[in-house]
Amino acid sequence: MASWHHRLGAMLAVAAATLAGTADGGATPVRVGSKSFTESYLIAEIVARIAEQVGEAPVERRFGLGGTGMVYGAVASGEIDLYPEYTGTISRAILHDSSVTTVPALRARIRPRGLIISDPLGFANTYALAVRRDTAARLGLRRISDLDRHPGLTAAFDPGFVDRDDGWPGLQHHYGLRLAAVRGMEHALTYPALISGRVDVIDVFSTDG
């Protein structure tokens, strides 16, 4: 199925503004967090290994903490020191202001919260929807707009996708979609739910593999 082309944006690191001063003689660990999907795990691991190579402090991995709200809450509260995040997610889901799109503007808006962001890490991502191949063939699904002809289908979406204005609410508004049931589910669990036939549609990332 074709993707709904809304870019999550470039990946960068969100960190506590006090991070640079946390290492006391190398004894205080840098706590690297991640969300619970593949790319976040991988980028967090890369960040953790770079920090280990620098060697200024030990590294503690706290991966798979959950969705945006949980992981952002962890860095904002000091439970972790940094995690990888998308520019689009910062502007829409954290700042709730889609007009803030550049890294300098994001930095200016997030700094008063006691947080800083890195330069982009060289990765970008896009939302898409996925169905099983047999479902697509049986129902003739080639585009997202084709779902409008099948309101009896069910979906499982990551909680962030359910709530974001550029997620499921945006799809409903743009395409006029209605499904029989839409449930929130951690991203790592949506693929098994789709494969097993418990749901018909899930949200995916273009970098999933």
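The values are calculated or read from the model by the stated rules, or taken from the named source; none is laboratory data. Nothing here was measured: the structure is a model prediction, and the numbers come from that model. Methodologically, a virtual Cβ is constructed for each residue, glycine included, from the backbone with ideal geometry; neighbour enumeration extends over all protein chains shown.
Worth pointing out:
- Of all residues in the range 52-64, those that are within 16 Å of ALA188 (Cβ to Cβ) and either out of contact with any strand residue (DSSP E or B) (no Cβ under 8 Å at 6 or more places or on another chain) or surrounded by 21 or more Cβ atoms within 10 Å (Cβ to Cβ) (or both) total 1.
- Pairs are defined by a Cβ separation below 6 Å, a sequence spacing of at least 6 or placement on different chains, a first member in the range 145-170 that is touching a residue at least 40 places away in the same chain (Cβ under 8 Å), and a second member that is surrounded by 15 or more Cβ atoms within 10 Å (Cβ to Cβ) and basic (Lys, Arg); the pairs so defined are ARG164/ARG92; ASP166/ARG92.
- Residue match in the range 129-149 (condition: closer than 23 Å to LEU95 by Cα and not hydroxyl-bearing (Ser, Thr, Tyr)): no
- Within the range 171-209, the set of residues being free of Cβ contacts under 8 Å to residues at least 40 places away in the same chain and closer than 20 Å to LYS35 by Cβ comprises ARG183, GLY184, MET185, LEU189, THR190, TYR191, PRO192, ALA193.
- Unmet criterion (only one of (1) under 30 Å from PHE63 (Cβ atoms); (2) out of contact with any helix residue (DSSP H, G or I) (no Cβ under 7 Å at 6 or more places or on another chain); (3) not polar (S, T, N, Q)) for ASP200: (2)
- Residue list for the range 109-157, restricted to those being of a type in the set (S, T, N, Q), under 21 Å from ALA193 (Cα atoms) and out of contact with any Lys or Arg (no Cβ under 9 Å at 6 or more places or on another chain): THR135
- The single condition among (1) in contact with an Asp or Glu (Cβ under 6 Å, 6 or more places away or on another chain); (2) assigned to a loop (DSSP other than H, G, I, E, B) that PHE161 does not satisfy is (2).
- Options THR101, THR126, THR89; residue that is at pLDDT below 90, exposed (fewer than 15 other Cβ atoms within 10 Å of the Cβ) and of a type in the set (S, T, N, Q): THR101
- Listed by position, the strands (runs of 3 or more DSSP E) enclosed by the range 29-118 that each have at least 3 residues that are without any contact (Cβ under 8 Å) to a residue 60 or more places away in the chain are 30-33, 59-62.
- Selected residue [surrounded by fewer than 15 Cβ atoms within 10 Å (Cβ to Cβ) and touching an Asp or Glu at 6+ places or on another chain (Cβ under 7 Å)] from GLY176, GLY197, GLY152: GLY176
- Test: residue in the range 178-185 that is assigned to a helix (DSSP H, G or I) and either at negative phi or in the same structural domain as VAL71 (by TED's automatic domain parsing) (or both): no
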